[in-house]
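Taken together, the values in this text are just the output of simple stated rules run on the coordinates, not laboratory data. The model shown is predicted, which means the values in this text are computed figures rather than measured ones. Note that we place each Cβ from the backbone using ideal geometry, even for glycine, and neighbour counts take in every protein chain shown.
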Amino acid sequence: MKLVITHSYEESAALCAEIMNEVFRKKPDALMGLATGSTPVPVYEKMVEAHRAGTVDYSKARSINLDEYIGLAGSDPNSYLYFMRTNLFDRVGMSLHNVWIPDGMKPVEEELARLNGYLDSHEMEIQLLSVGTNGHIGFNEPDDVFYDKYHAVDLTEETRRSNSRLFSSIEEVPRAAITMGIGGIMRAKQIAFLATGGEKLRAMKAVLEKGNVTPKVQGTVLKLHRDCTIFLDRALAQQI
Ligand code: GLP
C-alpha cells in the first residue's frame, strides 16, 4: 500500500483522476472498476474535464461497478446506475453496452451469475475505491469472512443511516444490495483509493495500522494488494 497525503481533498481527487486518465491514454478500451458515494464525485468531475479538454478519450471505456441497491430501478435517482450516468457515463459518451452494473430489479441469482461471469473472464485494469464509515468497501459489510464473488448482502443499520442523507427518510433506504466481493476488488491490477472527512477516521485508522487484516473492517484487506495507492488529505491524515 502506498499512502499519499495531499493538501486538500480536491488535490486527492485530481491525482486520482490523473491515474484513471493515464490508464485510458494507454488503453482506451480498458476495464475500470467504479465506486459511488459522495467521495468519488470530484474524481468523475476531473475525468469529465479531461475528456472534454481532449487529453483523454473515455468513449470506448468499459466499466464495472461495485454495487447496487436491490429494489431500485436504474431510473431511480438514488440508484447507482443513475448516479453513474449523471456523474460520468453520459458526460463522456460511454455506451451502456460497455457498462456492467448490477440491476437491482432483476432476479438476484441471475444478476450474480451475469456479473460474476463477466468479471471472471475480464481483467480489471484499475479499481476506484472509497470506504464506508464502518470500513466497508463496495457494500462488503463487517462480517466473519471475506467473500470472493458478487453476492447479495443485508445492509447494516450504520450504513443505512449514513446513506439516508441522500434519501427523504431512512425508511426509504433499501435493506439489501448486490456487491462485488473482496476477491473481485483484489484482482484489479491497480487500486486508487481515496477518503476524506472525520467520519471516515475510524475506518482509515484500521486500514492504515500495521497488521490486523480483518473481515470486521473489510477495507483492511487492501494491505494485501500489491498496487494500492491511498489518497488522504492533510486534514484527515493528521488525525490518524
Ligand atoms: C456506499 C457505497 C460505498 C461508498 C460508501 C461511502 O455505501 N456502497 O462504495 O464507499 O457509500 O460513501 P460516501 O463517499 O458518500 O461517504
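Dividing the helix sum by the residues of the chain, where each DSSP H run of 4 or more adds -39500 (n - 2.57), gives a mean residue ellipticity at 222 nm of -9500 deg cm²/dmol.
Checking every one of the trypsin sites (Lys or Arg not before Pro) in region 141-171 against DSSP loop status and a limit of 16 other Cβ atoms within 10 Å picks out Lys149. Here the Kirkwood formula puts the hydrodynamic radius of the chain at 17.8 Å, using every distinct Cα pair.
Antiparallel beta bridges, as assigned by DSSP with both residues in the chain, represent about 25 percent of the total such bridges.
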